[in-house]
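Here is the structure we will look at.
The values are calculated or read from the model by the stated rules, or taken from the named source; none is laboratory data. If you're wondering where the values come from, they're calculated on a predicted model, not measured in any experiment. Backbone-built Cβ (ideal geometry, glycine too); neighbour counts: all protein chains shown. When the accessible area is computed, the model is the full protein with side chains, heavy atoms only, and any ligands, DNA or RNA have been set aside. Shrake-Rupley method; radii C 1.70, N 1.55, O 1.52, S 1.80 Å.
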Amino acid sequence: MTNDTVRESFKTLEVAHEGPVLTVRLNSPESGNALSGPMLDDLLTVLGAVQDAPEIRVLILSGAGADFCLGGDRGEFARSLAADGTGASLRSMGDKARRVCDALATANAVTIARLHGRVVGAGIALAVFCDLRAGADTCRFRLPELALGLPPAWGGVLPRLLNESGAARIRELILTGERFDAAKAAELSLLHKAVPEEELDDAIAKWTGPLVRRSPAALRSAKMMLNAYAGANRLADATLFDAELLASVLVAAESARRP
């Protein structure tokens, strides 16, 4: 990654580059780090640069403020619908979300989610596409999409959740929208480690230390193999329709609401 990219002024992110480790912090704490279009654009810029930077072995994704991420920016959804009732801008945002999640999963660097506070909806999606996930034991999680009148169609997350945690458990969390804690997240493999918040950075350092000593070629090959075998039982990628599905549901709901 070039020094110019690291020094680039992002409106929604803080980026720090220290040797082979890049730290990317979501930096809109006033909104709970809600995933807006500008934040997705900034993430795509950084992740694209990482892919062209073999010296980056580890990317740590975290959030500023009290929470990691409270999900998609629902205010932006409403403004987009008001400006364009066809849902075209929502489809564009859904496409960006999928590209960000794909970039996290397929990055040459090992991606690590550092979670604290609340992790909700699209915030869970962002985290689950990281290779490794560590969270404070005070974290609280929720998949609230159905309660909000939305399908679980952000960033192509559903098959990733099913693969990581199992169909029966994810079905329960999506249909009920129940909140769950870090202990349950660890039980479901949504977290690999749940530790006291003051120990979170040390827990992540125990991963990054060995990872930065690994062969870059071996890391890339291992990630490619893990992704390939995880998706081997999928005959087709239905998540390609996620952006269309999300936009169509929101457009239909708005049409029904209007007299």
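Picking from residues in the range 36-54 that are closer than 17 Å to Lys223 by Cβ and in contact (Cβ under 8 Å) with a residue 60 or more places away in the chain, the one that is least open to solvent (accessible area, probe 1.4 Å) is Leu47. Only one of the listed residues (Leu44, Leu22) is in a strand (DSSP E or B) and modelled with pLDDT of 95 or more. That residue is Leu22. Out of Leu126, Leu104, Leu132, Leu115, one residue alone is touching a residue at least 12 places away in the same chain (Cβ under 8 Å), of a type outside the set (Phe, Trp, Tyr), at negative phi and open to solvent by 30 Å² or more (accessible area, probe 1.4 Å). It is Leu132.
For the range 14-31, check the following and say yes or no: at least one residue is under 18 Å from Ala107 (Cβ atoms), open to solvent by less than 10 Å² (accessible area, probe 1.4 Å) and in contact with an Asp or Glu (Cβ under 9 Å, 6 or more places away or on another chain). Looking through the range 14-31, at least one residue is under 18 Å from Ala107 (Cβ atoms), open to solvent by less than 10 Å² (accessible area, probe 1.4 Å) and in contact with an Asp or Glu (Cβ under 9 Å, 6 or more places away or on another chain). Regarding Thr138, is this residue part of a loop (DSSP other than H, G, I, E, B) and either modelled with pLDDT of 95 or more or open to solvent by less than 30 Å² (accessible area, probe 1.4 Å) (or both)? Here the answer is yes, as Thr138 does meet what is asked. Return the residue satisfying two criteria in turn: it lies in the range 211-220 and is modelled with pLDDT under 90 and in a helix (DSSP H, G or I), and of such residues it is least open to solvent (accessible area, probe 1.4 Å). Among them, the one singled out is Leu219.
Rundown of residues vs (1) part of a loop (DSSP other than H, G, I, E, B); (2) more than 14 Å from the chain's Cα centre (by Cα); (3) modelled with pLDDT of 85 or more, yes/no style:
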residue: Gly94; (1), (2), (3): no, no, yes
residue: Ala113; (1), (2), (3): no, no, yes
residue: Arg133; (1), (2), (3): no, no, yes
residue: Pro144; (1), (2), (3): yes, yes, yes
residue: Trp154; (1), (2), (3): yes, no, yes
